[in-house]
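Step one of this worksheet: look at the structure below.
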Amino acid sequence: MPKKSDRIEQTPVVTPIVQSTTFIFPDTASLIDYQRGERKGYIYTRYSNPTIEAVEKKVTDLEGSDGSLLFSSGMAAISSACMAFLKSGDEIVSSYPIYGGTAQLFDNLLKRYGIRIKYFQASDKAGPERSISARTKVLYLETPTNPNLQIIDLKHAAKTARKGKIISVVDSTFATPINQKPLKFGIDIVIHSVTKYMGGHSDIMGGVVSASDKYLKGIYDIRKLLGGCIDPHQAFLLDRGMRTLSVRMERHNLNAGKIARFLKSVDKVKRVIYPGLDSHPQHKLAFDQMDGYGGMVSFDLGSKKRASKFADSLKIVKNAVSLGGVESLVSIPIWTSQYGLKKSDLDRSGVTPGLIRLSVGLEDSGELIDDIDQALKKAFRV
Ligand SMILES: Cc1ncc(COP(=O)(O)O)c(C=O)c1O
């Protein structure tokens, strides 16, 4: 039996999962204090929860923002962040290409509520100035873009938005806060689908918004009403993923660079797109605004048939949508993210029938290159 009766005050190494929907108030007086905003506390997990808040704090530290809000998916984060600032008659100016779900949100759902959308090509630096009108409330950007890995000049875009008194929003999912910190360049709001690199293990759905307090209040209110909050268990898994984010990103960056250079050395591969290659039209911009070029590589095999033969011949790399996990995945955009788009929209997205998008994982780079090499040989026989 211990001699001293007092229990030692201890905290766990790992953020505990508080899997409770509701929280007990010791008395009605404290509940009233909470409701009046005089004391902090928890009332209901859709509003907030200790696990969720602890993980939000970690994202906040990474992004260098005032705060962050976690959501049940990247789409919940994007839709809530946009809806917090838009009303009927307003306009979004957005870079293109953007993630297909975001494009559908803008083109179909928000349009039903009287919100207009205007696009500009992501690689067109003057696109925001040319597109912004008196009705524009949000400048929406995604960089690097999916799947053609174009880079948007964040400093310039942020300056343009400030001048026009509109809110700038960046989906930085492909980069992660390790490779790119948009707020540093004057961007107002940064969003990630944490389903990808930040979770990192292809086992959770989630999204996050980081910004200054003046923007977060409105987004928080929308999260409460639309109910897109993350579940505490998902937040816990995100926390676990984020513990290795910087080492994973280091390896993603390294492996993708090696694979891009290997693909570039294969004469028959028509076009290799990777921001880290000198041949990338915005390599200098990527060098200036990113701390790493990321784990995504796209390249063109020239035909639909060759693209499927390549994907079907891979042994280590698996044919699946999504990205950012420890395992390498291959995706053929015309059959996945850009499926069903008209030829003109495919052209606008830089998507050709033979385009391949690789999410390069953490496997041994030599083994990955051998796998890609043998699949290329088979693809070039058809
Ligand atoms: C760049 C980007 N943003 C947002 C999303 C949407 O995220 P989620 O699937 O977590 O809703 C995706 C999904 O693929 C994406 O690639």
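From most to least packed by mean Cβ count within 10 Å, the peptides 161-172, 131-142 give 161-172, 131-142.
Across segment 245-379, Cα-Cα distances exceeding 24 Å account for 25% of all pairs. Computed from backbone phi, the HN-Hα couplings of segment 149-164 come to 6, 7, 10, 9, 6, 5, 5, 5, 4, 5, 5, 4, 5, 4, 4, x Hz, rounded to whole numbers (Karplus: 6.51 cos²θ - 1.76 cosθ + 1.60, θ = phi - 60°; Gly and Pro given as x).
My understanding is that a pair violates if its Cα-Cα distance is over 32 Å; which of 87/342; 87/304; 87/125; 125/309; 159/270 do that in this structure? Present the calculation step by step, with values, prior to reporting the outcome.
Values: 87/342 29 Å; 87/304 42 Å; 87/125 27 Å; 125/309 37 Å; 159/270 36 Å.
Correct reply: 87/304; 125/309; 159/270.
Against the chain, whose longest principal axis comes from its Cα atoms, helix 213-226 is set at around 90 degrees.
Just need the Rg to Rh number for segment 28-242, please, alpha carbons only, Kirkwood Rh. If you can, show how the numbers build up before the last one.
On the way: Rg = 17.0 Å, Rh = 17.5 Å.
Using Cα coordinates only, the ratio equals 0.98.
Over segment 320-382, with a single point scatterer placed on each C-alpha, what log10 of the ratio I(q)/I(0) does the Debye formula yield at q = 0.14, 0.17, 0.19, 0.30 1/Å? Each listed q corresponds, in turn, to -0.50, -0.70, -0.82, -1.18. In degrees, nearest 10, range 0 to 90: what is the angle between the Cα axis of helix 365-379 and the longest Cα principal axis of the chain? Tilt relative to the chain: about 50 degrees.
Using the crude model of +1 on Lys and Arg Cβ and -1 on Asp and Glu Cβ, and no other charge, please compute the dipole size for segment 28-242 relative to its Cα centre, in debye to 20. List each step's numbers first, then the result.
Values: 28 positive and 21 negative charges, 136 e Å.
Charge dipole of segment 28-242: 660 debye, to the nearest 20.
The magnitude of the dipole of the chain, with charges of +1 and -1 set on the Cβ of Lys/Arg and Asp/Glu and taken from the Cα centre, is near 980 debye. According to the calculation over all Cα-Cα pairs in segment 14-92, the P(r) per 5 Å bin from zero is 3, 12, 16, 20, 18, 15, 10, 5, 2, 0 %.
Have a look at 236, 23, 106 and tell me which one the Gaussian network model of the chain (Cα, springs below 10 Å) gives the largest fluctuation. Of 236, 23, 106, the Gaussian network model singles out 23 as fluctuating most.
Given in Å, the Rg to one decimal and the Dmax to the nearest whole number for the Cα atoms of segment 116-156 are 10.5, 31.
Residue 381: net charge of surrounding residues, Cβ under 10 Å, Lys/Arg +1, Asp/Glu -1, itself excluded?
On the way: positive: 306, 309, 377, 378; negative: none.
Computed value for this residue: +4.
Sorted on the mean count of surrounding Cβ atoms within 10 Å across their residues, most packed first, peptides 35-42, 209-216, 334-341 read 209-216, 334-341, 35-42.
Taking Cα pairs under 8 Å and at least six residues apart, what relative contact order does the chain come out at, in percent?
On the way: 734 pairs, mean separation 63.0, N = 382.
Once divided by the residue count of the chain, the mean separation gives 16 percent.
The alpha-carbon positions of segment 190-268 define a convex hull whose volume is 140 Å³ per residue. Among the listed pairs 57/214; 264/318; 40/181; 137/217; 57/217, those whose Cα-Cα separation exceeds 27 Å are 40/181. Each residue of the chain gets 164 Å³ once the volume of the Cα convex hull is shared out per residue. Close amide-amide hydrogen proximity is noted between residue 168 and 139, 188, 189, each under 5 Å apart and 5 or more residues distant or on a separate chain (H modeled in the peptide plane; Pro and chain starts excluded).
Each peptide in 310-317, 95-102 receives the mean, over its residues, of other Cβ atoms within 10 Å, and ordering these scores from highest gives 95-102, 310-317.
Just to be sure I understand: with springs between alpha-carbon atoms less than 10 Å apart, which residue in 53, 367, 129 has the highest mean-square fluctuation in the Gaussian network model of the chain? Checking each option, the largest mean-square fluctuation is seen for 367.
Beyond 23 Å, the tail of the calculated P(r) for segment 57-161 holds 29 percent of the Cα pairs. If only the Cβ of Lys and Arg carry +1 and only the Cβ of Asp and Glu carry -1, the dipole of segment 245-379 around its Cα centre is close to 660 debye.
Within 12 Å, Cβ to Cβ, of residue 171, how many net charges do the neighbouring residues add up to if Lys/Arg are +1 and Asp/Glu are -1?
On the way: positive: 196; negative: 142.
With Lys, Arg at +1 and Asp, Glu at -1, the net is 0.
Dividing the Cα radius of gyration of segment 147-240 by its Kirkwood radius returns 0.99 for Rg/Rh. Considering every alpha-carbon pair of segment 159-317, the percent of pairs per 10 Å bin, from zero through the bin containing the longest distance, is 9, 29, 32, 21, 8, 0.
Where a number appears in this text, it was derived from the coordinates with a stated rule and is not lab data. Here the structure is a predicted model, which means the values were calculated and not measured. Note: ideal-geometry Cβ built from the backbone for every residue, glycine included; neighbour counts use all protein chains shown.
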